[in-house]
Structure formats: structure tokens, C-alpha cells
1. Quick check: anything in the range 296-306 of a type outside the set (S, T, N, Q) and assigned to a helix (DSSP H, G or I)?
2. Would you confirm whether or not the range 53-62 contains a residue that is open to solvent by less than 30 Å² (accessible area, probe 1.4 Å), in contact (Cβ under 8 Å) with a residue 40 or more places away in the chain and within 30 Å of residue 336 (Cβ to Cβ)?
3. List the strands (runs of 3 or more DSSP E) inside the range 148-263, counting only whole elements, that have at least 3 residues being closer than 20 Å to residue 348 by Cα and touching a helix residue (DSSP H, G or I) at 6+ places or on another chain (Cβ under 7 Å).
4. Take residue 222 and decide whether it is of a type outside the set (A, V, I, L, M), buried (at least 23 other Cβ atoms within 10 Å of the Cβ) and in contact with a strand residue (DSSP E or B) (Cβ under 9 Å, 6 or more places away or on another chain).
5. Residue check, residue 129 against (1) touching a Ser or Thr at 6+ places or on another chain (Cβ under 6 Å); (2) within 13 Å of residue 194 (Cα to Cα), all met but one. Which one?
6. Pairs under 7 Å by beta carbon, first residue surrounded by fewer than 11 Cβ atoms within 10 Å (Cβ to Cβ) in the range 255-284, partner part of a loop (DSSP other than H, G, I, E, B) and not basic (Lys, Arg), six or more apart or different chains?
Amino acid sequence: MKTKKKTINIGIVGSGGIARGAHMPGYLNTDGVKVIAACDVVKETAEKFAKDYDIPHVFTDYNELAAMDELDAISVCTPNSYHAGPTVAALEAGKHVICEKPIAGNAKDGQAMVDAAKKAGKILQIGLNQRFAPKSRFLKKVIEDGALGQIYYGRAVAMRRRGIPSWGAFVQMKMSGGGPLVDIGVHELDLLVWLMGCPKPLGAAGHAYRKFGDRKDVALGDWGMWDADNYDVEDFAVAYINFENEITATLETSWAAHFGNVGPSFILGDKGGVCLSPFQIYTDKHGTMVDITPQLPRNNEDPHTTEIKAFVNAIREGAPSPVPGEEALAITKIFDAIYKSTKTGTMVSLK
């Protein structure tokens, strides 16, 4: 059902870096939107955020923010393990929600969020912004047109030689729910699975390693030293994933590793393949192998802004979620399986 309101009123829960760097710029660049409430457990942080962006209402309790009748929707920008609380509260209060990636710190919390959205009949969109990049949108159309034929394999790669976050609670399991798997691996795996048509995952085997994060004797990158004393997440993970329709995928992701060029993410089909970076399509034409380099138009809009615009448009048009919670939940179930496989040394069923 379309909303007749001229202005969509937004509240933001969590007033830290992702709110400032992604959500707020997105709303400021979207017509017919006004952010009227901000919340953070640290009162001074919420007040500073509100002052910087001329936001009239400030809270330290997300339940109070969610109860505001004036609000239409809420951005959840809290640490991963604290996504479920404000999201469920907002949905139960009749608000639409865009929540940062991953959907939650674990699949149980993510399921609660999906269930709440379904019960409320409201949008739950997860902030997997790589889906909104021009290259991703173009490639989605190429695949849907059948250019790759039957897809049977994909490789997702999100690797840093030395890029352990030196800010916030990224390196503590109780706050983040994981390391590079849930931070950067989530983007690359989600993009891969989305491009392949979101096949249902059947099982996963993998291993999450901690080789650098809890040490102080390794070379530093541009971000400087992290909190090695409280580091308890992985810094490298690898996985093998089975999907329905005889599709398989592998995932490699790291914040820290000794490596040079490990190669890009790619997808293989029986009629063609695609390399995501550098962007290239491979196929056969008239008995000859052909390499195609698409020339996409320049688009300077940040994918974070594009995803915010998609969220607002879905609210206005009464459209489905641009990034459904169910699809993001499937990725988190895979991550839970990888962590379990690390302990058991076996393939973990997701049926």
C-alpha cells in the first residue's frame, strides 16, 4: 500500500560511524525524507549526532524511539549482535526497518527479525549495498537473460593483507558475531549468491582461523594497531558451500594474511562465465572463445545512497523489501555453519 505522506520520517538507532558515513548521507540525498530522531546508548554520542544533523529528538532507549507515532521507518546502525532488539521493537511498533549488514550476530536473532517483519507486514531491508552498484545491477540482468546458462560454481573472495579494524567492537565476538566473515565476507558472498539467483544453501564446511589478531608482533597496515588484548574473532576463513540445483561455491576472506594476488570473485555457467574484478564476461561466439569488457556509464552515486533511496521508494510504493531479510538470513546461517564446522571438522547440514 502506497503511503500518502509527503515526508517520510526516519529515526536512527546507533549514532556511530556507519550512521554518519552511510545512512545519514543517504537520507540527506533522498528527496522527501527527514531524520527526526536519533538514539545511542551513549547519551553524548546521540546528542552530538543530533546536533550535527539538526535532529530534534534524542534517545538512549530504542524502545522509546520506536514508540514515536511520527516515525515511518528506522535505520538500525548498532553493532551486529545488537541488531535484533531495536529491529524487532521497531517492527512491532509498526515501523519499516533498514538494518546494517549482517542481518544479526547469529541466525537465531536473524530469524526473530524475519519473523517480526512478516508478522508486522513491514519492510525489513538489510544493508548489503554491493547489490546496488551499477556493475552488480548490470550483471544481474545479464545472468537473468541467460547469458551464463546453467550456473554451477561461484567463488567469493574478500581478502586484506593487513586490514584489521582498529576502531569499535569489530574484534570482539560478543559485539560483532565474527570477524572478516561477517564484516567483508558477507558482502562478497551475498553478492555472489544473489547473482546466482539465491539458491537455497544445503550445507557448508569450512574453517575460521586466528593467526594474527591476538598478536602484537606483526606488521601494521594503514589503520594502525587494533585491540589485540580483547581480540577473539577469526582473521581468516575459508568455506565450501553446497546449494540446491547442484551449485557449489567457495569463500575466502581475511583481515590479515601473507598473500599477494589471490585472484578475484567469479561465477561459472555452462554458456559463459564472469569475473567480478576486473569486470569481464567470457563466452563462446561462432566457434570462438570471446572476452567481453562491458563499458558501464559512470555513476558517482555511492551504493549506500542508492540502497537508502531504494528503501524509501519501497515504503512509498508499498513494494517488497529491496534486500529481503530472508535472503540475508540464509547468508548468516552459512556463517553459523562455518563456525560450527570449525569445531567439528565436518560438513554442517543447512536443510
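The values are calculated or read from the model by the stated rules, or taken from the named source; none is laboratory data. A quick note: this is a predicted structure, and the numbers were derived from the prediction, not measured. All Cβ positions, glycine included, derive from the backbone under ideal geometry; neighbour counts span all protein chains shown. Just so you know, the surface numbers come from the protein's heavy atoms only, side chains and all, with ligands and any DNA or RNA stripped out. Shrake-Rupley method; radii C 1.70, N 1.55, O 1.52, S 1.80 Å.
1. Within the range 296-306, one or more residues are of a type outside the set (S, T, N, Q) and assigned to a helix (DSSP H, G or I).
2. no
3. Details: elements: 151-159, 201-209, 236-243, 247-254.
Fully inside the range 148-263 and qualifying: 201-209, 236-243, 247-254.
4. On the way: of a type outside the set (A, V, I, L, M): yes; buried (at least 23 other Cβ atoms within 10 Å of the Cβ): no; in contact with a strand residue (DSSP E or B) (Cβ under 9 Å, 6 or more places away or on another chain): yes.
Criteria not met by residue 222.
5. With (1) touching a Ser or Thr at 6+ places or on another chain (Cβ under 6 Å); (2) within 13 Å of residue 194 (Cα to Cα) applied to residue 129, the lone miss is (1).
6. Correct list of pairs: 270/149; 270/150.
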